[in-house]
Amino acid sequence: MKAYAHLRPWAALTLPPVGWYVFQQGLGMTLRGRCSVAGVPVGTLWGVASLLVCVGAGWLAWSRIAGGTGSDRFLARIALLGAGLFGLAIAFQTLATAIIPPCAR
């Protein structure tokens, strides 16, 4: 077993909510400052980067499901579920960013 391998499920559990929070706050600050910037190129790229954080967390969790002990597997399954849930939330918000004009209030 690699050193710090037991920390992978914990990292996978915390990365998706942090990615979603940074996505929310980043787009919110952009919309408050200059709403025209938060449109299709910036908002979509920001969403894709946040989705990649969730995919990376899912990969970390999946690696512990295959080769972990009982408690690591359980935590990795919970983390995989969280990565999917937060990834879905980020995907829907990214889709809304692409559809709705940024300065429409």
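Placing unit charges on C-beta atoms (Lys and Arg positive, Asp and Glu negative, everything else neutral), compute the dipole magnitude of the chain about its Cα centre in debye, rounded to 20. Present the calculation step by step, with values, prior to reporting the outcome.
On the way: 8 positive and 1 negative charges, 17 e Å.
Dipole about the Cα centre, nearest 20: 80 debye.
Students often check this: by mean Cβ neighbours within 10 Å, which of 18-28, 54-64, 71-81 ranks highest, and how do the rest follow?
Working: 18-28: 16.2, 54-64: 20.6, 71-81: 17.9.
Top to bottom by mean Cβ count within 10 Å: 54-64, 71-81, 18-28.
Please give the calculated 222 nm ellipticity per residue for the chain, where each DSSP H segment of at least 4 residues contributes -39500 (n - 2.57) and the sum is spread over every residue; nearest 500 deg cm²/dmol? Before the final figure, lay out the partial values.
Working: 3 runs with 84 residues, N = 105.
That comes out to -28500 deg cm²/dmol.
Would you mind checking the tilt of helix 40-67 against the longest principal axis of the Cα atoms of the chain, expressed as 0 to 90 degrees and rounded to 10?
10 degrees
Could you identify which residue out of 14, 69, 94 has the top mean-square fluctuation in a GNM of the chain using Cα springs shorter than 10 Å?
Residue with maximal mean-square fluctuation among 14, 69, 94: 69.
Using a 1.4 Å probe on the protein chains only, how many percent of the accessible area of the chain belongs to carbon and sulfur? Write out the running numbers ahead of the final one.
Working: 4940 of 6660 Å².
Its accessible area is 74 percent carbon and sulfur atoms.
Explain nothing, just the number: relative contact order of the chain, from Cα pairs under 8 Å at least 6 residues apart, as a whole percent. The partial results should precede the final answer.
Details: 125 pairs, mean separation 44.4, N = 105.
Here the relative contact order equals 42 percent.
Give me D for the chain in µm² s⁻¹, whole number, from Stokes-Einstein with Rh from the Kirkwood sum over alpha-carbon pairs, 10 °C and 1.306 mPa s.
Details: Rh = 14.4 Å.
Once the numbers are plugged in, D ends up at 110 µm²/s.
The values are calculated or read from the model by the stated rules, or taken from the named source; none is laboratory data. In this text, all values refer to a predicted model and were calculated from it rather than measured experimentally. With ideal geometry, Cβ positions are generated from the backbone for all residues, glycine too; neighbour counts draw on all protein chains shown. Please note that ligands, DNA and RNA were not included when accessible areas were found on the heavy atoms of the full protein model with its side chains. Shrake-Rupley method; radii C 1.70, N 1.55, O 1.52, S 1.80 Å.
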